[in-house]
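Let me begin by presenting the structure, written as structure tokens, before commenting on it.
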Amino acid sequence: MASWVSILLFLFWLSVSQAQGGSGKIPTVEFISETLINNVVQDPQTGRIYLGAVNNIFQLSPSLQKEARTETGPKKDAKTCTPPASGCQDTVLMPNSNKLLLVHPSNGSLIVCGSRYRGICSLLNLSNVEQELYYNDNKGERTYVASIEDNVNVVSVMSNYTKNGRTFKVFLVGKGYGSLDSTKLISTRILEDYQDWVVFENIIEASAVQTAPFVLKYLHDFQHAFKEDGFVYFLFSRTLDGTDNKNLTFVSRLCENDQHYYSYTELQLTCGTNNRYNKVQAAYVTFPGKELARVMSQSGNYGTVTSFTKVLFMVAHPDDDESDSALCMYPLNSINQQLMDIISACYRASGQCLIVPSCYPFPLQKDALGNFKCGAEHLLSPLASKPAFALKADAALTMSVHLTAVTVAVENDHTIAFLGSANGEVFKVHLRPGAPLIIFHVVIIQITKVPVQTCLEMKDCQSCVGLRDPYCGWCVLEGRCTRRSECRRAEEKNGWLWSPKQQCVKIVSFSPSNLSCRKTGKVQLCLFLTQTVSDFLCSLLLSLFSLHANCPRFENPDPVLIPVGYKTRISFEGINLKHYQVNWPHSTPNMHLSSRERNTLFLFVDIPLTEKRKNTTGSFLVTLYNCAVERNDCSLCKNADPKYKCVWCSKKLACVYEKLCDPLPSNTECPDPEITNISPLFGPVLGGISITISGSNLGIDQGDIKSIRVAGKPCIHEPEKYSVSKRVVCEIGPADKADWGEVEIEVNGGKRGTSSVSFTYRDPMPEEVMPNRGPKAGGTLITISGLFLNAGSKEDVQVTIGGVNCREYRVDKVPSDPLDVVMKYGKRTTKSIPASFRFVENPTVQDHQPKAITALRASHSLFPLQGRGFSKAMTTKEAQAFVGDVQCVVNTLQDDKLFLEPPSTTPRAPTRSKHQHRETGSENLELMIKFGKGEWVVDSVQYETKNDFPLYIIIPAVIVPMLLIITISVYCYRRKSQQAEREYEKVKHQLENLEESVRDRCKKEFTDLMIEMEDHTNDLNEGRIPFLDYKTYTDRVFFLPSKDGANDVMITGKLDIPEARKATVIQSLNQFSNLLNSKTFLINFIRTLERSHDFNARAKVYFASLLTVALHGKLEYYTDIMRTLLLELMEEYVNSKNPKLMLRRSETVVERMLCNWMSICLYQFLKDSAGEPLYKLFKAIKHQIEKGPVDVRVKKAKYTLNDTGLLGDDVEYSVLTLQVLVQGEGPDVTPVKVLNCDTISQVKEKIIEQVYRNLPYSQRPKVDSVTLEWRPGSTGQILSDLDLTSQKEGRWKRINTLAHYNVRDNATLVLSKVQHTQQNYDQNQENHEERNALLEDDKVFHLVRPTDELDETKSKRGSIKDKSMTKAITEIYLTRLLSVKGTLQQFVDDFFRSVLCSGAVVPPAVKYFFDFLDEQALKHNNVDEETIHIWKTNSLPLRFWVNILKNPHFIFDVHVSEVVDASLSVIAQTFMDACTKSEHKLSRDSPSNKLLYAKEISTYKKMVDDYYKGIRQMVSVSDQDMNTHLAEVSRSHTDKLNTHVALHQLYQYASKYYDGIIASLEEDPAAQSKQLALRLQQIAAALENKVTDL
């Protein structure tokens, strides 16, 4: 027979399968796809082939015949679309390339992943791919498996995953990086829904090999995946790091049961001299042939290799030359040994790993590597080798083609590789000692099935051995070129010739050379069949053809019975052989079989001739038989007809022809009986029922059954029901009590068999009969309930009522006496329910109304029957009623009445008069009541179809009055509505008049503000929003509120460490960082601190911020810790506290961790979305406040939103435009608007802000570093806040303003920086000290003097008036709040919309955390929707947005004055009010701040509710996707933070609470197993420079 290989155009897959042999050239079979084929897989059980092509999945038979096809594309999609596509815009039809095709044989499905819809997979039926078993595109990013990019490869392998004692089928996926894909390098995907997991979800998270930095830096290109001996391997190429584009080939290994990827280790593979062939293209893993294994071992380059050592065969090419390829070989035992060397080097020595910057050389126990062979949480991962650890291999074969596929087969201990190229070429290579030999080269298009050998095409020995093909050799005794397995006598010496030296055996002479045809004789034939015939008997027709025109005829064959598989000599007589001449052995007669299988025949001819008759053909009939067919056990075999000579061969465990069993069994005993089934499994204690025992080897005849025992009790054999070897029936005996046990059977020869299932004796106990009465007509269906009633089969149980079978009972006396219901099981068991059933009178019908049923009434009324005995004889469900041929529904059943629902369709009588129907429109129908077997014809009824009143009369009579009533009602309603509307318009007009003045003022102010803000908007459009960089942002959010403020060590980044110890401290801090990365240690650390009484709220906040910086490099791990602590906090609040109070304040470490986590995750959202409207709001508030007077002493302003910061005096002022010249910066003059009531410092601030508006605040000159000079004439005057000219009002001194200096509009001022010469410095220092001394005087004021300190004398300028005469009431000026509020409303609304709009971009962290809260709330019964709302409000708006809103300098490089801060606080309070569920009841006593935004609060509340609902309806963010996002943040920003400073500060806490932490670790078993206390002690010794006993 021939072997075939299926080959794809790009040769992704090669497979060898069996095909039938024959003579002549073997045809090729091909299947052509209209689109490019991406993947090919084969079902190992059925041999079916599945093609994954662009837009199609094909299902082919093993002979490449198309069985089914399903279309997968093109689909409407967009690269940035998040499924489902129906919710995306700008979608277009895009082709769907197949990325992954994997057979899941255990549930008969095919895993299919395409390039559309973010790589979502589906499950198709293996038997028919047109049937989709599973697909769901609503589960979010956690189910995205493949890649949408064409150049990203995906590989996969099936595996198992165990959780909670349950094993799941999963598949591990290796996927490269696409710019729009998730960054999961390795993922484990589940294939069923379980708890929170969904199909195709990645169930292993928080792994270092799944992080964005790892993927983006190395850019893996996967080519192959396989598993072996409990490990999963991935073969890929990648760059060494982000700076070098050269690819290197790696094999990575994972323990199959590693549920955290701790064991992930990479080993570099080099191929060829100097690793020339550095980029892997394909691979195949199999056992080598003995010859190749011997050569590999002898070379000394591969270690010890045997034919039982699997080898990785790999094809690769250089980066710069795809046309040069090589085949390299790597034994798996060498790969595993090298991987262990890498792990050992990293754990025990200070080995440098490629992925991990450094290994932590902590002391391991002697057997630690054995204990942690699959890694552990506290050990380093992932690991990769340096080039020094690379496993090297020479190129076993080089070719000048681009090889893209490889598969390897073994034939007769020789190893043959089939190599495929990118051009569709196939090379067959004999991997032999010395140079490999290319045997043939074919070119394939599409997918084609071609033979891997062409032995049968060679007609002589020389051409056969000339192929030098391990598949082909010359079968000497058969005279043909075959595979060794097809030559039956190949094991004999020189029986099958395969020689690289091309040697053949030749026939020198033979005798006799010919035979005469004139004599009578016999022809002897020998045949040999190589395949099993599936039919038990089949006919074989042999035809012999002569070389002459006259052919012979053959008769009387002997023997007629031919056993399959045994060489048999047949004798027969020949007629008409006159002209027949046999040139033996040069010619062999052709022979033909009528069976379905082709078989090889051997023919030996001895021909005596008898007469001269001419005939062309002769034939005879023989019978083939196979002993094994339908005789699959010994007993059936021995029961066969003796003429077949079948025996049970214990060596083969099969029924065969006697001469095929070697040695021939003399008197073979059959194996012990085997019992496979018992029916029934239960029986009564008294026995008396028959049970059927099924199995094999249960004897040859009924006499072989010696004994049967059931549960230890004898069982009487029933011979008449016996079936040879398969079935035994017996009657069980009684038992003393309810018992159970196995069934045991003994057959002739003492052989015994015992069942694997048990038989149980039970005592049936019937208890109740329902119903307990029925009519004497019978037919009542009764139900008997009780215990253990299934003690026997249906045939064993009989039920009698009153001693008569219930099916045959008839009664004359009614009502009868209560009768016993008796159940009889078999012959011995009788159970009775006394007086449980009685017969009653049949129901009688006396009358019914109405006599006629109309079609109209039939659908709206009940039809009553009057009688008696209804409820006693039947129930509503048992009663049936018929009108004609239509059944009526029995609605209600009483003892004297039966209510029927008339038929909904028109009934018909079996026979009726057409003439009558035409004339009257009605017909007489029988009304019949039926119950059980009793039927009673009540009477005849008429079913009328005509109406008494036509519709044209009924409809107007009903509709006209209704329309009249409706018209009157509408008129009255409109009259009242118009009256109410007039009243409403009157009140509305009054309100509009009252608000007109405020509205006009707001409009004017808003117009002015928009004009003034135009310059600021232009600045924003030019990208001039002064966002802080990430480090400054986190420093201010985390540490600016600390007690040291801007001088905090985390902000300055300065550690006071002696230079001599700096290296030791840094190394120890790295070790401390590794310790913090142990979840067991960190949880114990935090719990110990929080149990300490002196660990106050401020310390918790600071500690959490330090922890955030220290773990910033692994934010996914930080998130995992935060989730764990939050779950504990949630349990505490839900079970013992008020759940609504959770997350309200930062009273625990985890609450501050959550605040920091939100700050980290929303930084980019601030820059991209919310930052601009927040900055505009800040600038608008600042500009609006500075438009009016601002008192620098009392921090109050004329224009503000805060009533406590409202300037309560009507200060006179005017606007001035100053022409400012900056000294040393050219002649350009900058116009600046100021107020004449501004202090000199206020003027400086406005000038600096205008002149340096393109610079952030931190880069601008400070007010104290510049001087302002006014030059009204030839001389200049230095302006300052306080000097000798400052005005005094009694004991009070007024701060100087522009009005004090009498500066006019359009005046020119010079701004100059303070020169830092010693003289100037001393002078400025004196001026500065003088100014500070003056300002420190408590009797200094700006615009308003304190009310209790008013001087009796009036001010010379008149701005401060006598209290008793002109002091204004502050409340008069509250309308200014409305004016400012109206002016700023658009900016407030814009900011709120940017934050609370779920229709726009929602940060993934918000969706992820809100889903987490929803998920946990469902697990607790006492958490309602209001509580969930409060949790969400406390975690996001109150914890983050309010903080940012009140402190814009946390995100922007700006200065926030106290006056601006007061207005921001009002907006922040409004934001907080909008997020609460409680309603605020307003009154005259309510704060002005509450009243100010009272109208807008309801709108904002709805925005918050819609925001929360919108987020809940969004597609979920999986742990995998969240971790990817966090990993990207870690990669982008970690190196900018003061990580070592944070670690040093954290260690101060560890040192302070050292004893408690050590005690906690020593009590924790998990910490003990990881030696965490020991590691902390070592770190403490190194950091504190102590000598310990360690």
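The values are calculated or read from the model by the stated rules, or taken from the named source; none is laboratory data. The shown structure was predicted, so the numbers you read here are calculated from the model rather than taken from an experiment. Neighbour counts run over all protein chains shown; Cβ positions are idealised from the backbone, glycine included. All accessible areas refer to the heavy atoms of the entire protein, side chains included, with ligands and DNA or RNA removed. Shrake-Rupley method; radii C 1.70, N 1.55, O 1.52, S 1.80 Å.
Of all residues in region 1098-1155, those being open to solvent by less than 20 Å² (accessible area, probe 1.4 Å) and part of a loop (DSSP other than H, G, I, E, B) number 3.
For the subset of region 384-432 comprising residues that are part of a strand (DSSP E or B) and open to solvent by 50 Å² or more (accessible area, probe 1.4 Å), which member is farthest from Ser252 (Cα to Cα)? Lay out the reasoning, then the answer.
Filtering region 384-432 down to residues part of a strand (DSSP E or B) leaves 384, 391-393, 397-399, 403-411, 414-421, 425-431.
In the following step, the residues that additionally are open to solvent by 50 Å² or more (accessible area, probe 1.4 Å) were identified as 392, 398, 410.
Values: Lys392: 15, Thr398: 25, Val410: 27 Å.
Looking at the filtered set, the residue picked out is Val410.
Of the residues that sit in region 1228-1261 and are in a strand (DSSP E or B) and free of Cβ contacts under 8 Å to residues at least 40 places away in the same chain, which one is surrounded by the fewest Cβ atoms within 10 Å (Cβ to Cβ)? Looking at the filtered set, the residue picked out is Pro1231.
Regarding Ser1532, is this residue hydroxyl-bearing (Ser, Thr, Tyr), open to solvent by 30 Å² or more (accessible area, probe 1.4 Å) and farther than 30 Å from Gly1113 by Cα?
On the way: hydroxyl-bearing (Ser, Thr, Tyr): yes; open to solvent by 30 Å² or more (accessible area, probe 1.4 Å): yes; farther than 30 Å from Gly1113 by Cα: no.
When the stated conditions are applied, Ser1532 does not pass them.
Remark: pairs (first residue in region 702-730, closer than 15 Å to Asn677 by Cα; second residue buried (at least 20 other Cβ atoms within 10 Å of the Cβ) and among the small types (Gly, Ala, Ser); Cβ separation under 6 Å; 6+ apart in sequence or on different chains) = Ser725/Ser635; Val729/Ser690.
Please determine whether any residue of region 76-91 is within 26 Å of Glu30 (Cβ to Cβ) and in contact with a Lys or Arg (Cβ under 6 Å, 6 or more places away or on another chain). Step through it out loud before you land on a result.
Our first condition is that a residue be within 26 Å of Glu30 (Cβ to Cβ); within region 76-91, this holds for none.
No, the conditions are met nowhere in region 76-91.
In region 1054-1080, the residues that are part of a helix (DSSP H, G or I) form Cβ pairs under 7 Å with partners that are hydroxyl-bearing (Ser, Thr, Tyr) and open to solvent by less than 60 Å² (accessible area, probe 1.4 Å), at six or more places apart or across chains, as follows: Gln1071/Tyr360; Phe1072/Tyr1547; Asn1074/Tyr360.
Residues that are at pLDDT below 80: which strands (runs of 3 or more DSSP E) entirely in region 609-686 hold 3 or more of them? Can you show your working first?
Details: elements: 618-625, 646-649, 654-657, 674-679, 682-684.
So the answer is 618-625.
Put simply, of Val1211, Val1190 the only residue that is farther than 20 Å from Ser1394 by Cβ, surrounded by fewer than 23 Cβ atoms within 10 Å (Cβ to Cβ) and hydrophobic (A, V, I, L, M, F, W, C) is Val1211.
From the list Ile1511, Ile1557, the lone residue that is under 29 Å from His1093 (Cα atoms), β-branched (Val, Ile, Thr) and in contact with a Ser or Thr (Cβ under 7 Å, 6 or more places away or on another chain) is Ile1557. Taken together, Ile732, Ile700 contain a single residue that is surrounded by 14 or more Cβ atoms within 10 Å (Cβ to Cβ), among the hydrophobic types (A, V, I, L, M, F, W, C) and over 19 Å from Ala791 (Cβ atoms), which is Ile700. Of all residues in region 185-200, exactly one satisfies the criterion of being among the acidic types (Asp, Glu) and in contact with a strand residue (DSSP E or B) (Cβ under 7 Å, 6 or more places away or on another chain), namely Glu192.
Could you list, in sequence order, the residues of region 227-245 that are open to solvent by 20 Å² or more (accessible area, probe 1.4 Å), farther than 19 Å from Thr270 by Cβ and of a type outside the set (S, T, N, Q)? Give the steps one after another, and end with the answer.
Of the residues in region 227-245, the ones open to solvent by 20 Å² or more (accessible area, probe 1.4 Å) are 227-231, 240-245.
Among the residues that remain, those that are also farther than 19 Å from Thr270 by Cβ are: 227-231, 242-243.
Residues satisfying the conditions are Lys227, Glu228, Asp229, Gly230, Phe231, Gly242.
Of the helices (runs of 4 or more DSSP H) lying entirely inside region 1505-1563, those containing at least 3 residues that are over 21 Å from Phe1038 (Cα atoms) are 1519-1533, 1554-1563. When restricted to residues that are of a type outside the set (Ser, Thr, Tyr), modelled with pLDDT under 80, open to solvent by less than 70 Å² (accessible area, probe 1.4 Å) and in a strand (DSSP E or B), region 803-855 contains 6. With the structure loaded, tell me whether Ile1160 is surrounded by 22 or more Cβ atoms within 10 Å (Cβ to Cβ), over 25 Å from Ile1240 (Cβ atoms) and out of contact with any Asp or Glu (no Cβ under 9 Å at 6 or more places or on another chain) or whether it fails that test. Here the answer is yes, as Ile1160 does meet what is asked.
Taking the criterion of being open to solvent by 20 Å² or more (accessible area, probe 1.4 Å), touching a Phe, Trp or Tyr at 6+ places or on another chain (Cβ under 8 Å) and under 27 Å from Ile1467 (Cβ atoms), the residues of region 1493-1522 that qualify are Met1503, Arg1512.
Of all the criteria given as (1) open to solvent by less than 90 Å² (accessible area, probe 1.4 Å); (2) at pLDDT 70 or above, the one not satisfied by Leu477 is (1).
The residue pairs whose first member lies in region 372-386 and is on the phi > 0 side of the Ramachandran plot, whose second member is open to solvent by 30 Å² or more (accessible area, probe 1.4 Å), and whose beta carbons are closer than 9 Å, counting only pairs six or more residues apart or on different chains, are Gly375/His260; Gly375/Tyr262; Gly375/Ser381. Only one residue in Thr1204, Thr1200, Thr1230 is among the hydroxyl-bearing types (Ser, Thr, Tyr) and closer than 22 Å to Asp1305 by Cβ. Which one? Just a single option satisfies the conditions, and that option is Thr1230.
Would you mind finding the one in Val1310, Val1303, Val1266, Val1314 that is surrounded by 13 or more Cβ atoms within 10 Å (Cβ to Cβ), within 22 Å of His1455 (Cα to Cα), of a type in the set (A, V, I, L, M, F, W, C) and modelled with pLDDT of 90 or more?
Details: Val1310 fails: within 22 Å of His1455 (Cα to Cα); Val1303 fails: within 22 Å of His1455 (Cα to Cα); Val1314 fails: modelled with pLDDT of 90 or more.
Residue meeting the stated conditions: Val1266.
Would it be correct to say that Phe1391 is touching a Pro at 6+ places or on another chain (Cβ under 6 Å), open to solvent by less than 10 Å² (accessible area, probe 1.4 Å), at pLDDT 90 or above and within 26 Å of Ser1498 (Cβ to Cβ)? It is true that Phe1391 is touching a Pro at 6+ places or on another chain (Cβ under 6 Å), open to solvent by less than 10 Å² (accessible area, probe 1.4 Å), at pLDDT 90 or above and within 26 Å of Ser1498 (Cβ to Cβ).
Output the residue which, of all residues in region 172-193 that are assigned to a strand (DSSP E or B) and within 11 Å of the chain's Cα centre (by Cα), is nearest to Glu266 (Cα to Cα).
So the first thing to find is which residues in region 172-193 are assigned to a strand (DSSP E or B), and the list is 172-175, 186-190.
Next, only the ones that are within 11 Å of the chain's Cα centre (by Cα) stay: 187-190.
Details: Ser187: 16, Thr188: 18, Arg189: 22, Ile190: 25 Å.
Here the residue is Ser187.
Do we find that Leu248 is in contact with a strand residue (DSSP E or B) (Cβ under 8 Å, 6 or more places away or on another chain), open to solvent by 40 Å² or more (accessible area, probe 1.4 Å) and at pLDDT below 95 in this structure? For Leu248, the condition - in contact with a strand residue (DSSP E or B) (Cβ under 8 Å, 6 or more places away or on another chain), open to solvent by 40 Å² or more (accessible area, probe 1.4 Å) and at pLDDT below 95 - is not met. Scanning region 1178-1227 for residues that are closer than 24 Å to Leu1445 by Cα, assigned to a loop (DSSP other than H, G, I, E, B) and either touching a strand residue (DSSP E or B) at 6+ places or on another chain (Cβ under 9 Å) or of a type outside the set (D, E, K, R) (or both) turns up Lys1187, Gly1188, Val1192, Val1194, Lys1198, Tyr1199, Thr1200, Leu1201, Asn1202, Leu1207. Might you let me know whether region 113-124 holds any residue that is touching a strand residue (DSSP E or B) at 6+ places or on another chain (Cβ under 7 Å), free of Cβ contacts under 8 Å to residues at least 24 places away in the same chain and either outside any strand (DSSP E or B) or charged (D, E, K, R) (or both)? Looking through region 113-124, none of the residues is touching a strand residue (DSSP E or B) at 6+ places or on another chain (Cβ under 7 Å), free of Cβ contacts under 8 Å to residues at least 24 places away in the same chain and either outside any strand (DSSP E or B) or charged (D, E, K, R) (or both).
Residues checked against (1) among the small types (Gly, Ala, Ser); (2) surrounded by 21 or more Cβ atoms within 10 Å (Cβ to Cβ); (3) modelled with pLDDT of 90 or more:
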position: Ser86; (1), (2), (3): yes, no, no
position: Pro95; (1), (2), (3): no, no, yes
position: Lys99; (1), (2), (3): no, yes, yes
position: Ser106; (1), (2), (3): yes, no, no
position: Arg118; (1), (2), (3): no, yes, no
position: Val129; (1), (2), (3): no, yes, yes
position: Tyr135; (1), (2), (3): no, no, yes
position: Asn151; (1), (2), (3): no, no, no
position: Phe168; (1), (2), (3): no, no, yes
